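Below: the structure, in structure tokens.
The values are calculated or read from the model by the stated rules, or taken from the named source; none is laboratory data. These numbers come from a predicted model, not from an experiment. Cβ placement follows ideal geometry from the backbone for every residue including glycine, while neighbour counts extend to all protein chains displayed. For the accessible areas, the whole protein counts, side chains as well, though only heavy atoms, and no ligand, DNA or RNA atoms are used. Shrake-Rupley method; radii C 1.70, N 1.55, O 1.52, S 1.80 Å.
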Amino acid sequence: LQGPRYVSPAPSGGFVVSEECGDVKVFTSSHKLVCSLSSKYGHQFGNPAGVCVDAEGSIVVADEQHRTIHLFPESGAPVCLVSAGLRRPAGVACSSLGHLFVADAGENCVKVFK
């Protein structure tokens, strides 16, 4: 890893890690690299920060530089969940009720999206 920042467990027993160098990597439960999200999806991260995995196994990533939150499904194209109203999204968490919590370090608050 190059500058690991945030880590989240994945439902399969593996984990997801964001890196300062501008990528997010997915690992198996035996710590083997599964993929790089930028390579798999052809997505250009600015400064990926918080990561989490939702109930369907999709990976959610906060991008501090682009001020966005993207969802990366197991198959299909990435989906931009939040593209406005964030100053510096840092941490993210998904609830079992379908809520997305975003720690916005630029506004010193937590924002909740459904």
Qualifying positions in segment 10-64 - of a type in the set (S, T, N, Q) and farther than 19 Å from Ala77 by Cβ: Ser12, Ser18, Thr28, Ser29, Ser30, Asn47
Options Asp54, Asp23: the member that is open to solvent by less than 50 Å² (accessible area, probe 1.4 Å), of a type in the set (D, E, K, R) and more than 20 Å from Phe101 (Cα to Cα): Asp23
Residue under evaluation Leu37, criteria (1) touching a helix residue (DSSP H, G or I) at 6+ places or on another chain (Cβ under 9 Å); (2) aliphatic (A, V, I, L, M); (3) open to solvent by less than 30 Å² (accessible area, probe 1.4 Å), criterion not met: (1)
Residue in segment 87-110 that is crowded, with 18+ Cβ neighbours inside 10 Å, in a loop (DSSP other than H, G, I, E, B) and not aliphatic (A, V, I, L, M) present: no
Pairs where the first residue, in segment 1-20, is in contact (Cβ under 8 Å) with a residue 40 or more places away in the chain and within 13 Å of Asn47 (Cα to Cα) and the second is in a strand (DSSP E or B) and open to solvent by 50 Å² or more (accessible area, probe 1.4 Å), C-beta under 6 Å, 6+ apart: Ser18/Arg5; Ser18/Tyr6
Selected residue (criterion: nearest to the chain's Cα centre (by Cα)) from residues of segment 1-20 that are open to solvent by less than 70 Å² (accessible area, probe 1.4 Å) and modelled with pLDDT under 95: Ala10
Given (1) open to solvent by 80 Å² or more (accessible area, probe 1.4 Å); (2) over 13 Å from the mean Cα position of the chain (by Cα); (3) on the phi < 0 side of the Ramachandran plot, index of the condition Ala77 fails: (1)
Selection within segment 21-64 - β-branched (Val, Ile, Thr) and more than 18 Å from Leu86 (Cα to Cα): Val24, Val26, Thr28, Val34, Val53, Ile59
